[in-house]
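The values are calculated or read from the model by the stated rules, or taken from the named source; none is laboratory data. Just so it is clear, the model here is predicted, and its values are computed rather than measured. Backbone-built Cβ (ideal geometry, glycine too); neighbour counts: all protein chains shown.
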Amino acid sequence: MAAPWTGMRGVVDVPSYVLMQPTTLCNLDCAYCYLPHRASDRRMPVAVAEAVADTVNRWAEQVERFSVVWHGGEPLAAGPEHLAALMAPFRGVEHHVQTNATLVDDAWCEFFAQHKIEVGLSLDGPPDRTALRVDRAGRPAYHRILRGVQALRRHGIRFAVICVVSDPRPDLATELYQYFTELGCYWLGVNIEEREGVNIRDNTHAAEAVRGFWAELTGAWLADPRIELREVEWSLHYLAAALRGEADTVLPRRRDPVPTIAHDGRVVLFSPELAGFADAPGYGDFALGNVLTTGLAGIVAAVARQPAGWVAEYFDGVERCRASCPYFGFCGGAHASNRYFELGRFDATETEHCRNTKIRLLEGVLDHAQGR
Amino acid sequence: MRKDAEPSVTGPRPASAGAGREGPADPLAERVRAAAGGLGRMVSRAEAVQRERADAAGRRGAPRWTDVFTTQFTEFSNRPR
C-alpha cells in the first residue's frame, strides 16, 4: 500500500490573500446567489479594515505577493469614497474587486486605475446564459453588465471573469468559451453552480453531461488558448505532474486558511461562503473571532494550533477524503461550505460540488486526451 | 450506485496513491496511464502557452509571477497571474 497523500496538512502561517466584505448589499438578486443579507446595506466600518490591515501589512512583508480581494455583496455598492477609506490602511498588497460590473462607469474605471485594482467580473455568457443574473425587479442585468465591460475596455483596464454554469453540457462549452474570448477578458474561471448558503437549488447533474462539458471546454481552449482558463490549466498542471509520477507534489504542503472578514469584523476561515450566517443549527455563525477584539493573525494562529468546533470536524473530513479519494491530490479535500450545505456536516466527504467541479473536470480532460 | 456515477468515485475505495503514485486498484492512475499519449501532447501545448504568456508579461514590464500554481485551486482563486 502506498503512503497517503502528503499535501494540505495543517495551516500556513501566512496566507496569500484575504477576502473582505465592504458591504452586504448587492444591487442584483441572482437566482443562484449564496449570500444572506444581500438586500441590506451593512457596511464595513473603517475600523474593521484598519484592524485587518494591522495583520495583513505584516503578512505582506513576509511573502512575495499578497492580495486583498474586495468581494461582496457587490463591493462597488459601498461607493468609491467608502471603498477608498477601507483600502487606505493597507500597505504592500494587491487590491482586487470581484464585481457584477453593473455599476462600473468612467469614474469607477478611473478609481481602478488610480488604486491599481485588478478587476474580476461575474458574467455567465451571452444574454440567455446570463438570465439568472437579475435585479430585484427580476429585470435581466446583462445589458448593464455589458455597459460596465465597455467602460473597462474604453479605459484599457484588463479584467478577469468568473462564469457560473447552471446546466453544464457539452454543446454549451464551446459557445461559452468563444463568447468570453470575444468579450476580451484575459482570464476565465468556470464555477458549476453550487448548492450552498441561501441557494438551495439542486446541483445534481448527469455525470456524462458534466464530463462532456469539461472535455469540450478543454478542446476549445487548446484550439485557441488566448485566455487563461483556470479549470483546464490547473487540471493539465496536475495531470502533467501525474505523468511524471509526481502527483503528490502538486498540492501546497499546508492549507491556506483564506481568511474572510465579514462587514462587522467577524472572521471565517477556509470557506468564504460561511460568512454572514447567524444561527446554523449546531454551529452558530461559523465565526472564529472578530478582528475588532482579536488580531487576525491571532485568530488564524489559534485555529492552526488547536482546531476546535466545526474546524476540527472539517479537518476530520479532510483526513477522510485523504484516505479514501483518488482525486485528493488534485483538490485537497471537499470545501467546508459544500460539505455543510450539501450534507449537513463538516466531516462528510464527497459532495456534488466535488463531482461537478473536481472529479468530472479531471475525467473530462482525460476524456479529451483519449479522443472521447 | 447511480447509473451515471463515475465508477471510480462511489463507494469504499482503497487508500489511494493517486495518479503517478503506484497503488492497488487506483482508478485515476490507470486513467492517466491510458491517456498518456494524448495527455502528453496537451500538456506540452499548455506549458508552451504558459511560457509565452509569462514572456509577454515580462516584455510589457508586468510582474512575472513564477508561482503560477502555488495557490489553492478554489472558486475564489481569482488572482491574476
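The table below lists the values:
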{"read-out": "Residues within region A:242-272 that are under 15 Å from the mean Cα position of the chain (by Cα) and assigned to a strand (DSSP E or B), tallied", "value": "3"}
{"read-out": "Test: residue in region A:273-296 that is out of contact with any helix residue (DSSP H, G or I) (no Cβ under 9 Å at 6 or more places or on another chain) and crowded, with 24+ Cβ neighbours inside 10 Å", "value": "yes"}
{"read-out": "Unmet requirement for residue A:168, which otherwise passes all of (1) in a loop (DSSP other than H, G, I, E, B); (2) more than 14 Å from every other protein chain (Cβ to nearest Cβ)", "value": "(2)"}
{"read-out": "Candidate set: region A:199-220, residues that are of a type in the set (A, V, I, L, M, F, W, C) and within 21 Å of the chain's Cα centre (by Cα); chosen: the one farthest from the other protein chains (Cβ to nearest Cβ)", "value": "A:200"}
{"read-out": "Single residue of A:43, A:65, A:144, A:136 found to be under 30 Å from residue A:168 (Cα atoms) and buried (at least 16 other Cβ atoms within 10 Å of the Cβ)", "value": "A:144"}
{"read-out": "Residues being at pLDDT 75 or above and within 8 Å of chain A (Cβ to nearest Cβ) - total across region B:2-36", "value": "9"}
{"read-out": "Residue in region A:275-291 that is more than 21 Å from residue A:199 (Cβ to Cβ), within 14 Å of another protein chain (Cβ to nearest Cβ), of a type in the set (Val, Ile, Thr) and in contact (Cβ under 8 Å) with a residue 60 or more places away in the chain present", "value": "no"}
{"read-out": "Test: residue in region A:227-245 that is under 28 Å from residue A:73 (Cα atoms) and touching an Asp or Glu at 6+ places or on another chain (Cβ under 7 Å)", "value": "no"}
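Residues checked against (1) touching a strand residue (DSSP E or B) at 6+ places or on another chain (Cβ under 7 Å); (2) in a helix (DSSP H, G or I); (3) surrounded by 17 or more Cβ atoms within 10 Å (Cβ to Cβ); (4) within 14 Å of chain B (Cβ to nearest Cβ):
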{"position": "A:311", "(1), (2), (3), (4)": "no, yes, yes, no"}
{"position": "A:315", "(1), (2), (3), (4)": "no, yes, yes, no"}
{"position": "A:333", "(1), (2), (3), (4)": "no, no, yes, yes"}
{"position": "A:346", "(1), (2), (3), (4)": "no, no, yes, no"}
{"position": "A:355", "(1), (2), (3), (4)": "no, yes, yes, yes"}
{"position": "A:372", "(1), (2), (3), (4)": "no, no, no, yes"}
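One line per residue, one yes/no per condition, for (1) more than 10 Å from every other protein chain (Cβ to nearest Cβ); (2) within 21 Å of the chain's Cα centre (by Cα):
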position: A:157; (1), (2): yes, no
position: A:187; (1), (2): no, yes
position: A:193; (1), (2): yes, yes
position: A:197; (1), (2): yes, yes
position: A:228; (1), (2): no, yes
position: A:232; (1), (2): no, yes
